[in-house]
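Asks: Input: one structure, supplied below.
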């Protein structure tokens, strides 16, 4: 599965099919996950990767097809329009959550139904059809969070990306608690903040979130 698909499953309650974070935060993280997968697999980079808080413009290093329509579509978009990281995240997030849910539905991982909020307001729900689909990644992520030896031995870039993005949207604690790691939340949050600060993708998502919160205050 795409890194963003695993992340979306983490952010979706298996039973209710609803997000465990605000939808706008989920969309930012999903966009960042797609961007992060392209970065970590050598397809893109930024002009100043050593400055996560102020990275340069995105450069496409390898525009050949990845074999995945979501990644290919984003990769193509990065070859033309505004290549600033903030602009890229905003562009990618449009429709990304629905597209990923529909892919998961087609594979039988989730099902789709329409629920109600406050009786009258319709809301899409995507409960798990195959609950164990998320278990392999959750197990990896749990090990990555709790074992420095495992982190160093595996060099798991997906776990690093997911951790950084969860920190960027303030979702480490709810996800960790749902994974049964409540006693380790404080140490996991510290780790996640460190990983976020080293990632230009997660730092970009974090800046967007901070700007949105400031404008809403």
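Asks: So, of the residues in region 72-83 that are closer than 13 Å to residue 44 by Cβ and in contact with a helix residue (DSSP H, G or I) (Cβ under 9 Å, 6 or more places away or on another chain), which turns out to be surrounded by the fewest Cβ atoms within 10 Å (Cβ to Cβ)?
Replies: Per the stated criteria, the residue is 77.
Asks: Is it the case that some residue within region 95-109 is closer than 30 Å to residue 53 by Cβ, in a loop (DSSP other than H, G, I, E, B) and out of contact with any helix residue (DSSP H, G or I) (no Cβ under 8 Å at 6 or more places or on another chain)?
Replies: Checking region 95-109: at least one residue is closer than 30 Å to residue 53 by Cβ, in a loop (DSSP other than H, G, I, E, B) and out of contact with any helix residue (DSSP H, G or I) (no Cβ under 8 Å at 6 or more places or on another chain).
Asks: With at pLDDT 95 or above, more than 15 Å from the chain's Cα centre (by Cα), crowded, with 18+ Cβ neighbours inside 10 Å and not in a strand (DSSP E or B) as the only criterion, which of 188, 208 stands out?
Replies: Answer to the selection: 188.
Asks: Let me ask you something else. Report, by residue number, each residue of region 147-173 that is touching a residue at least 12 places away in the same chain (Cβ under 8 Å) and outside any helix (DSSP H, G or I).
Replies: 156, 169, 170, 171
Asks: Residue 43: at pLDDT 95 or above, in contact with a strand residue (DSSP E or B) (Cβ under 9 Å, 6 or more places away or on another chain) and over 19 Å from residue 135 (Cα atoms), yes or no?
Replies: Considered against the rule, which asks whether it is at pLDDT 95 or above, in contact with a strand residue (DSSP E or B) (Cβ under 9 Å, 6 or more places away or on another chain) and over 19 Å from residue 135 (Cα atoms), residue 43 comes out as yes.
Asks: Can you report the number of residues in region 58-89 which are over 18 Å from residue 3 (Cα atoms) and either under 17 Å from the mean Cα position of the chain (by Cα) or part of a helix (DSSP H, G or I) (or both)?
Replies: Total satisfying the criteria: 5.
The values are calculated or read from the model by the stated rules, or taken from the named source; none is laboratory data. For clarity, every value in this text was computed on a predicted model and none was experimentally measured. When we count neighbours, we look across all protein chains shown, and the Cβ atoms used for this are built from the backbone with ideal geometry, even at glycine.
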